Amino acid sequence: MKKIIAFAGSSSKNSINKKLVTYATSFFENVDVEILDLNDYEMPIYSIDKEKENGFPDLAFQFLSKLESADLLVVSMAEHNGNYTTAFKNILDWTSRINPKTFLGKKMLLMATSPGGRGGSSVLEIAKDRFPRHDAEIVGTFSLPSFNESFDVEKGVITDMELKNELMEIINSIEF
């Protein structure tokens, strides 16, 4: 059975990106889906000194192992001040020191959402540019603007039919 590893690039307990990634993965059929929580991979802030003194945290190896087990990665990036969250960036910093090809050639559906009308577009553009350099094969991108107006949290669904259809087209086009 094919396996999807999914996560939001956020450590928020109420992450809207985690809600989006959970929703998106529900449309894949006959697959094993595992949704990771970045809080389970909290490590010291990366520095070369810490790496030299203590080596690599076991959690960095565990995160890479999860990525390695995937046939498809589904990632929804949270945006803090136009860039990655510190939680995600720290995991990327540690894992990329172990293996610069962090995403291991895996296919990736890359998404973002935010409460604002730009839908995390700044971080999405940064990730679209950066992740292939870490060996991600981006097979689709999706931005959900105005999360609070476009997503019904109670039902866990996108309410804007045009945006829902756009996401469904992307999901249906992915072969892995």
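Filter segment 148-176 down to residues that are closer than 15 Å to Thr25 by Cα and small (Gly, Ala, Ser) and give me whichever is modelled with the lowest pLDDT.
Gly156
Looking at Phe27 and the list (1) under 21 Å from Ile171 (Cβ atoms); (2) in contact with a strand residue (DSSP E or B) (Cβ under 7 Å, 6 or more places away or on another chain), which single condition is not satisfied?
Answer for Phe27: the failing condition is (2).
Which residues, counting only those in segment 1-52, are within 25 Å of Ser143 (Cβ to Cβ), hydrophobic (A, V, I, L, M, F, W, C), out of contact with any Ser or Thr (no Cβ under 7 Å at 6 or more places or on another chain) and not in a helix (DSSP H, G or I)?
Phe7, Phe27, Phe28, Val31, Leu36 - these are the residues of segment 1-52 that are within 25 Å of Ser143 (Cβ to Cβ), hydrophobic (A, V, I, L, M, F, W, C), out of contact with any Ser or Thr (no Cβ under 7 Å at 6 or more places or on another chain) and not in a helix (DSSP H, G or I).
Restricting to segment 58-116, name every residue that is farther than 19 Å from Leu20 by Cα, of a type in the set (Asp, Glu) and in contact (Cβ under 8 Å) with a residue 40 or more places away in the chain.
Asp71, Asp93
Cβ contacts < 7 Å: first residue more than 11 Å from Lys66 (Cβ to Cβ), restricted to segment 29-43; second residue among the aliphatic types (A, V, I, L, M) and exposed (fewer than 13 other Cβ atoms within 10 Å of the Cβ), any location; separation 6+ or different chain. Result?
Asn30/Met1; Val31/Met1; Asp32/Met1
Could you check segment 114-144 and list, in sequence order, the residues that are of a type in the set (Ser, Thr, Tyr) and under 25 Å from Lys2 (Cβ atoms)?
Matches in segment 114-144: Thr141 only.
If you check Thr86 against the conditions, is it of a type outside the set (A, V, I, L, M, F, W, C), crowded, with 19+ Cβ neighbours inside 10 Å and closer than 20 Å to Leu124 by Cβ? I'd like the intermediate steps shown before the answer.
Working: of a type outside the set (A, V, I, L, M, F, W, C): yes; crowded, with 19+ Cβ neighbours inside 10 Å: no; closer than 20 Å to Leu124 by Cβ: yes.
Answer is no for this residue.
So which residues in segment 131-158 are assigned to a helix (DSSP H, G or I) and more than 13 Å from the chain's Cα centre (by Cα)? Write out each step before concluding.
Within segment 131-158, the subset assigned to a helix (DSSP H, G or I) is 131-134, 147-150.
Correct list: Pro132, Arg133, His134, Phe147, Asn148, Glu149, Ser150.
I'm checking my understanding of the structure. Among residues of segment 129-175 that are among the aromatic types (Phe, Trp, Tyr) and in contact (Cβ under 8 Å) with a residue 60 or more places away in the chain, which one is surrounded by the most Cβ atoms within 10 Å (Cβ to Cβ)?
In this case the residue turns out to be Phe151.
From Asn39, Asn54, Asn17, grab the single residue that is among the polar types (S, T, N, Q), surrounded by 13 or more Cβ atoms within 10 Å (Cβ to Cβ) and modelled with pLDDT of 95 or more.
Going through Asn39, Asn54, Asn17 in turn, just one is among the polar types (S, T, N, Q), surrounded by 13 or more Cβ atoms within 10 Å (Cβ to Cβ) and modelled with pLDDT of 95 or more: Asn17.
The values are calculated or read from the model by the stated rules, or taken from the named source; none is laboratory data. Note that the coordinates shown come from a computational prediction; the quantities given were computed from them, not determined experimentally. Neighbour counts run over all protein chains shown; Cβ positions are idealised from the backbone, glycine included.
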